[in-house]
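Engineer: Below you will find the structure I want to go over with you.
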Amino acid sequence: MTEEKKYDVVIIGGATAGMTAAIYTARKKLKTVILTKETGGQNLKTDRIENFPGFMTIAGKELTGKIKEQVDRYEVPIMEGVEVEKIDIHPDGKDEFVVHLKGGDIYEARTVIIATGKNPRLLGIPGEKEFENKGVSFCPTCDAPLFGGKDVAVIGSGNSGLESANDLLKYANKIYVLEYGAGIKGDQATVESLKKTGKVEFILRAEVKEIQGANFVEKLLYRDLEDNDNNELNVQGVFVNIGWVPATNFLNNFVKLNEYGEVEIDHKTTQTSVPGVYAAGDVSSTLYKQCVIAAGEGAKAALSAYNYLLEKDKNK
């Protein structure tokens, strides 16, 4: 049995961009629904945000809660724990869309806003999937307290990797930061601060090969690219921080993507290659990936969708 619902706007993604878009479409009296795996997205993985206007510092989870309060105020339904399988043009030839969920539910939409963000980039090595939530983590904010007194490895020396190391400082006994390249990529002031603790060791030119253990992580194997030696670290945790990939698998060539897998948009309107479909936040080709920019792009997408429907109804 499938469930069919009709909306002016279906927003796919429930983080900053998606929820901001919902606030704006609701204020324009457009019937709106948010479809999302999890409300909050990447914000839930951020311990503190210090560059969002109005707050000197705020936890990502707290900011998410405040934005959601506004969404709830406008009585926009958030369908959480759902996953979109694909988007189609309406089969009746209407200039509308059908959003299919895994499991069979169907949502008809006059416009669609894609705000699915990004997912962690995987190492693709043996043991990574097997030990996820058994010592392998992509979220230091969520899991750092579980590693009190333990030795851990952080993969990647970009700012997200350095932030992981910083989050782990007050819990872990020893922190190894492994970087494939010959230099540390993140903020140098943070690097110096981490080095001064005496708890953080940077290992450069390291190719991570395998994660091993019995029931939980026990070892990390890597190859030294300088001397070609194979080495191992006795660690009880591995935090993977090698970047993010756009969450666009469900699109299946429905809209145009760029070389990075991001949804190509008109930066004036956030419209995609398909009229009536918009994209906002980290999933889009907008240059800078910041929470405050995602909010602005979500608002822009909502207002563009409103104007699109206004013009469409005028021409009926």
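Each reported figure results from applying straightforward, stated rules to the coordinates on display, with no laboratory input. Fair warning: this is a prediction, and the values are worked out from it, not measured in the lab. Virtual Cβ from ideal backbone geometry, glycine too; neighbours counted across all protein chains shown.
Engineer: Going down the table (K37/K314; K196/K219; K61/K185; K5/K45; K66/K289; K61/K209), which pairs top 24 Å between alpha carbons?
Structural biologist: Those over the limit are K37/K314; K196/K219; K61/K185; K5/K45; K61/K209.
Engineer: Restricted to Cα positions, what overall size does the stretch 136-240 have along the principal axes? Three whole-Å values, descending.
Structural biologist: 35, 33, 22
Engineer: Also: Does the stretch 1-159 come out rounded, prolate or oblate by the C-alpha gyration tensor, with a ≥ b ≥ c the root eigenvalues, rounded set by a/c under 1.5 and, if not, prolate when a/b is larger than b/c and oblate if not?
Structural biologist: Oblate, since a/c reaches 1.5 and b/c is not below a/b.
Engineer: In addition: Taking only C-alpha pairs under 8 Å that are 6+ residues apart, what is the relative contact order of the chain in percent?
Structural biologist: RCO, the chain: 20 percent.
Engineer: If you don't mind, there's one more thing I want to ask. Run the numbers on the stretch 250-316 and let me know its relative contact order in percent, using alpha-carbon pairs under 8 Å that are six or more apart.
Structural biologist: It rounds to 25 percent for the stretch 250-316.
Engineer: Using Cβ contacts closer than 10 Å as the measure, can you line up L146, L44 from fewest to most?
Structural biologist: L146, L44
Engineer: What share of the DSSP beta bridges in the stretch 161-314 is antiparallel, in percent to the nearest 5?
Structural biologist: Just about 70 percent of them are antiparallel.
Engineer: For helix 159-168, report the angle its Cα long axis makes with the longest principal axis of the Cα atoms of the chain; keep it between 0 and 90° and round to the nearest 10°.
Structural biologist: 60
Engineer: Let me ask another. Which of the aspartates and glutamates could a cross-linker bridge to K316, judged by Cα under 18 Å and excluding same-chain residues fewer than eight apart?
Structural biologist: D8, D92, D95, E96
Engineer: Under 4.7 Å Cβ to Cβ, no partner at all: give me those cysteines from the chain, in residue order.
Structural biologist: Taking the Cβ cut-off of 4.7 Å, the unpaired cysteines of the chain are C291.
Engineer: Which value results when the Cα radius of gyration for the stretch 214-291 is divided by 2.2 N^0.38 Å?
Structural biologist: In units of the 2.2 N^0.38 Å rule of thumb, it is 1.71.
Engineer: Tell me the angle of helix 16-27 to the major Cα principal axis of the chain, expressed in degrees between 0 and 90 and rounded to the nearest ten.
Structural biologist: Roughly 20 degrees between the two axes.
Engineer: Compute the distribution of all C-alpha to C-alpha distances in the chain, in bins of 20 Å from 0, and list the percent of pairs in each, rounded to whole numbers.
Structural biologist: In order of increasing distance, the bins hold 31, 50, 19, 1 percent.
Engineer: Using only Cα atoms, tell me the angle between helix 291-314 and the longest principal axis of the chain; keep it within 0 to 90° and round to the nearest 10.
Structural biologist: Around 20 degrees separate the two axes.
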